[in-house]
Amino acid sequence: MTTNAYVLGAGAGFNGGDIIFQLLMFIILLALLKKFAWAPLMGIMTQREEHIASEIEAAEKSRVEANQLLEQTRVEVKTARLEAQNTIENAKKIGEEQKTEILAAARAESERLKESAKLEIAQERDNAMNSLREQVAALSVMIASKVIEKDLSAADQEQLINEYIKEAGEER
Amino acid sequence: MDHKSPLIHPEIFGVTLTFNLANMLMITVASVIVFLIAVLATRKLALKPTGIQNFFEWVMDFVKGIVKSNMDWKTGGRFHVLGITLIMYIFVSNMLGLPFAIVYNDYLWWKSPTADPVVTLTLAVMVVGLSHYYAIRMKGFSEYGKDFFRPMWFMFPLKIIEEFANTLTLGLRLYGNIFAGEILLTLLAGSLATGVGGHLAAVIPTLAWMGFSVFVGAIQAFIFVMLTMVYISHKVSDDH
């Protein structure tokens, strides 16, 4: 061991060279690792962090969107249901109205028919009375001619007239 | 048992520097292993992490947790890379000496680089130096200077001692743990394992101690990074 005793701090066995070598190697290792290993690794880690953050944000966004859609659908279903109910209600109302209308029309029609039938009957009766009256007149003439032919007593004549009148009345 | 270190003393720019070739070899090996592991693990990166990427993301989050437990992320983010590199390098270094130690011509070549106080103290001085550098850069020189007289002016000597104590304990704690582990492994493998009975007797304690050493190595790497962040935040933060 021939250590230079004049070198500062370099006593016997003091490895000054080792210190320099260790420092140098460590600094080189630090620089190389930073460039080739830690920087890419840190890069990918921050990239992942950003990715996760953005994914969470997107998920949150889509969740809110889905909620909005759900709410919207709910409202739409509600309105559709209300509309359907309204339509049914309306149809029912219209049906009811039509029913009453048709009934009223039928009633009026029947009333009208009845009236016209009554009128016809009355007319027919008048006609019948008229024709009867004419026949009575003709019969009277015939009776008179027979009386003249047969020389009837007053009682017979009376009887005859009553008979004819009776007949005429029954014919009604 | 008493292995020599392969030292050379070249003269560079008129200054004679002592190099421990074994240290240089192991520092290089540890650095290369850390570099290869890290680079190979981060070749195929995906948003959906698999396998080794998961592990490295866990390491990153772990170190992030260490930094965050000491300072807010806005200040501490810049020390993230330092923390990860430190924890990986120290852990790999601690593990290197466990499986075997190579002795060639009475010189010890293969060991943990962290089983040498020079290496650990270099790292410790670097960390403390960085804490001073960032304190001056982020708070200004006057604020940095005033911090030595807080909370009371007579604390100044203690503060000065604290800096050296921090550095020494940070480096020597790591060195002591790893060196002790290797010494015990050497003892178990070299002294106890003589003859068939000795070998059989040595197997179980060696296995147990190796398992414990893995644990100690991991814990020491964690503690080193944790204390690094503690010292840096102590210097950098305003509220201390």
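The values are calculated or read from the model by the stated rules, or taken from the named source; none is laboratory data. Values in this document were obtained by computation on a predicted structure and should not be read as measured data. When we count neighbours, we look across all protein chains shown, and the Cβ atoms used for this are built from the backbone with ideal geometry, even at glycine.
Where helices (runs of 4 or more DSSP H) fall wholly inside the range B:137-240, the ranges with 3 or more residues that are in contact (Cβ under 8 Å) with a residue 60 or more places away in the chain and either loosely packed, with under 13 Cβ neighbours inside 10 Å or touching a helix residue (DSSP H, G or I) at 6+ places or on another chain (Cβ under 7 Å) (or both) are B:156-187, B:195-236. Any residue that is under 22 Å from the mean Cα position of the chain (by Cα), modelled with pLDDT under 85 and polar (S, T, N, Q) - is there at least one of those in the range B:166-186? Yes, the range B:166-186 contains a residue that is under 22 Å from the mean Cα position of the chain (by Cα), modelled with pLDDT under 85 and polar (S, T, N, Q).
So for the range B:92-113 (the condition being in contact (Cβ under 8 Å) with a residue 24 or more places away in the chain, of a type outside the set (Gly, Ala, Ser) and within 10 Å of chain A (Cβ to nearest Cβ)), does at least one residue qualify? Looking for residues that are in contact (Cβ under 8 Å) with a residue 24 or more places away in the chain, of a type outside the set (Gly, Ala, Ser) and within 10 Å of chain A (Cβ to nearest Cβ), one finds at least one in the range B:92-113, hence yes.
A single member of B:Gly83, B:Gly77, B:Gly51 is more than 9 Å from every other protein chain (Cβ to nearest Cβ), within 30 Å of B:His132 (Cβ to Cβ), of a type outside the set (Val, Ile, Thr) and more than 17 Å from the chain's Cα centre (by Cα), and it is B:Gly77. Of all residues in the range A:126-164, those being among the β-branched types (Val, Ile, Thr) and touching a residue at least 12 places away in the same chain (Cβ under 8 Å) number 4. If the condition is being under 20 Å from the mean Cα position of the chain (by Cα), within 7 Å of chain A (Cβ to nearest Cβ) and not β-branched (Val, Ile, Thr), then the range B:15-35 contributes B:Phe19, B:Asn20, B:Asn23, B:Met24, B:Ser31, B:Phe35.
This table checks each residue for (1) at the interface with another protein chain (Cβ under 7 Å from one of its Cβ atoms); (2) within 29 Å of A:Gly16 (Cβ to Cβ).
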| residue | (1), (2) |
| --- | --- |
| B:Phe13 | no, yes |
| B:Ile37 | no, no |
| B:Glu57 | yes, no |
| B:Asp61 | no, no |
